[in-house]
Structure formats: structure tokens, C-alpha cells
Amino acid sequence: MTSPKNEEQEINLLDYLAVIIKRRRMIARNALVAALVMAVITFILPSMYQATTTLLPPDEGNQGGLGSLLANSPIPFLDMPGLGGASSSEIFVEILNSRTVAKGVLSTKYKFEEKTQTLFEIFDIKSAAKAVAKLQKQSTISSNEQGIIKISVQLGNPKLAADVANQFVEELDKVNQAKSLSKAKSSRIYIEEQLELTVAKLKEASRNLADYQEEFKALNLEEQTKVAIEQAGEIKGTIMAREVELEVARQTMKKNNPVILRLQKEVDELKKQFEQLQFGKATTSGEQKDYFIPFSEVPEVGLQYAELIREVKVQETVWQLLNQQFYSAKIQEARDTPTVQVLDKAISPEKRSSPKRRMLVMIAVFLAVTFSIFAAFVMEFAEKVKDNKDDFKKINELTTQLKNDYREIKIRLNKVLKRS
């Protein structure tokens, strides 16, 4: 047996359905008109084409900055990934979204409608700020979790959209090359200065050794003492060269960078080895002298000779290491290889990206049907109110009150405006 509540619900649903069926022609007519109007609008709207290019994630260990400069270092621990620190997909995206890149793209000439024009001319915009804003609005640049960078450009011409997307890559490479060149040049200049100082010191040390040998004639040290002297000289020379590397790194990285911490630790370890070879055991800084061989039987003349040999060996080691770094820096500064790896180059799209006619027509029909159904119920309610005199009277009273309120508000606003 059906309950009264269920019967009332069935009756209400049937009433609603009856209203829709009663006004079905109006609903269908409105939907058809909306579809036709939207179809006409979509044909009037200009067609847009989207071209996309994708880039591989930047190679953290080979981006042409300080990391590449020191990658070929004869000191093994300097060959570390991520030394540049600034080569990440997020930073590449920020560079691509910068005004510098946008102006470069805008200033490039493209073949458009059988003419060679810049985007300033194609957009017909003279203001750089407005042109940059329009280009950035027409472009979408992002990177995913894997670091793949996507550059999408939407314009009215498919070939132009592809050319502009590819030009973004060219401008990114120019900026990155300039950044890398600046770092390489700075490092090369610093290393060159240190190398010139080392050459001068090496000449002076060699001259002092020759003068000493000439003064005291031939002087022979025991083989064990010579080995210790040469080894100490090599270690001290390596310390000096690594301190140069540390200073180069400090110019581009923060003091708490892991690379700088490792460099400092390596220098400290080498100094400990030098102290042990020099003094026989580690000493405090207050007890250190420039150099002292722990062979008490070596005479004073032999000791001075050993110091001169050691100084020559120090400067030779420093010169060898810095000379390799200097030529590596020069090669890095002169390199002209692309710093951006393209995964998919942008090509002219075959289909338009907008307007999406089918989707827009479906949305228009859906909205027209929805509003038509709502209008049908309003019209049905209005008819019932007219048939019922009491309800009609109540509605008139409510309408009159609302009109009075509106008039009163209008009068008060006019008084306020007159006073002001």
C-alpha cells in the first residue's frame, strides 16, 4: 500500500513533468536559437593555434657555469655535480617568463603574411610593456615533477605560433650562455692573476736556488731528506692551488654551500699532512714556522738548501695546477655549445586550439534548456496566481511595498548627492 507521502511526491513529480511537457516547444525553440547564435559567434571569433616545444631537464653537472669550469680540474674532488647551483628547471622557467626573454622574442623578425616582421609590428603595439604583457598572456611556460619544461604559444597563425615557441628556446640559450660566459670570465681572470703571481714567485725561487748553489758549490743531501723535501713542497703547492679553487668557488656560492665546506675540509686535511711531514707531528698554530725538516743531523747549510728546493717545488706544483685550470677556464669562456636540450621542437599545429565550437554550442544549449525550464515554472506559477484572487492580491501588496522602498531609497540618495 502506497503511503500518502509517496503519493504526494509522485503527484509533485508528475506536476513538474507536466509543466516541462507543456512548455516543451518553448524550451526546444530556445535551445535551438542558443545553438545557432553560439555557432555564429564561434565562426566570428578568430581561430587560434597552439604550438608547443618541450625541453629536457637541465644537466645539473654540465651547465657551462663554474661547475663546468672546474669539471676538468686535476684535483679529483672538485669534479662534483650541481656546483653551478643555478641550473634547475624552476630557474629556467623563471628566465623564460622574464622581460628579458620576452623582449628578445618580440624583437626577432618572423615571416608572417609574406612579410618579415617583428611581433611588435604583428601585434601592432608600440609600447614594450603592453607587448610583453600580451606575449606572456599568449604563452604558457611550466615544468613537471620530472623537470621537463613545456613552452606553449597560442597565436592566430599556426606557423607563427611554432616559430615564436622555438624562439623562446633560442632566447633562453642566449641568456644562459651569457650567464655562463660571465662566470667563466670572472674565474679565468682570477686564476690568471694567481698564475702571474705564481710565475713571478717561481722565477724568484729558482734564482735564489741557483745563487745559493753557486755560492756554496755542489751540495748533496741524503736521498731520504730530498724525498721528504719534495713531498712537502708538492703538498704545500697543492694547498695553495686548492685555496685558489676555494676562492673561485666563494665568488659564486654561499659560505654554507656543501661544495665550499668540502673544499675547506680538504684544505684542512692537506695542512695536517704538511704539518706532520714538516714537524713530525701536528702542532698548534703558535708553534708553526714557515718550514722545518725533522732531521736534526742536517747542517745549517743543508737546511737552507732544503728550504730553497722546497720553495721551488711549491711554486712548480702551484704553477702546474693553475696552468691547467687557466686553460680549462679559457676553453670554457670560448665555448659556444647549446646549453638547452630540446626534446620536441614546436611544429605548426594542424588543428585550431580555440574556439572549441562543439563544446561552446553544447554549453549554450545546456544553459538555454536550464533557463527555459526555470522560465516555464515561473510562467506556470504566474498563471496559477492570476486564477487565485487571494494570492494575486498578496503579490500586488508585496510588489507595492518593494516599489515604495525603492522610491524612498532613491529620494535619500538624491538628498545625499545634493549635499555633497
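Observations on the model:
- Inter-residue pairs, beta-carbon under 7 Å, first at positive phi and in the range 361-383, second part of a helix (DSSP H, G or I) and modelled with pLDDT under 90, 6+ apart: none
- Residue list for the range 42-52, restricted to those being among the hydrophobic types (A, V, I, L, M, F, W, C), in contact (Cβ under 8 Å) with a residue 12 or more places away in the chain and over 18 Å from THR140 (Cα atoms): PHE43, LEU45
- Exactly one residue among ILE373, ILE347, ILE395 is farther than 30 Å from ILE189 by Cα, part of a helix (DSSP H, G or I) and modelled with pLDDT of 75 or more, and that residue is ILE373.
Here's the yes/no breakdown for (1) at pLDDT 60 or above; (2) outside any loop (DSSP other than H, G, I, E, B):
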residue: ALA228; (1), (2): yes, yes
residue: GLU234; (1), (2): yes, yes
residue: GLU243; (1), (2): yes, yes
residue: MET253; (1), (2): yes, no
residue: ASP268; (1), (2): yes, yes
residue: GLU275; (1), (2): yes, yes
residue: THR283; (1), (2): no, no
residue: GLU297; (1), (2): no, no
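The values are calculated or read from the model by the stated rules, or taken from the named source; none is laboratory data. All values reported here derive from a predicted model rather than from experimental measurement. Here the Cβ is made from the backbone with ideal geometry for all residues, glycine too, and neighbour counts use every protein chain on show.
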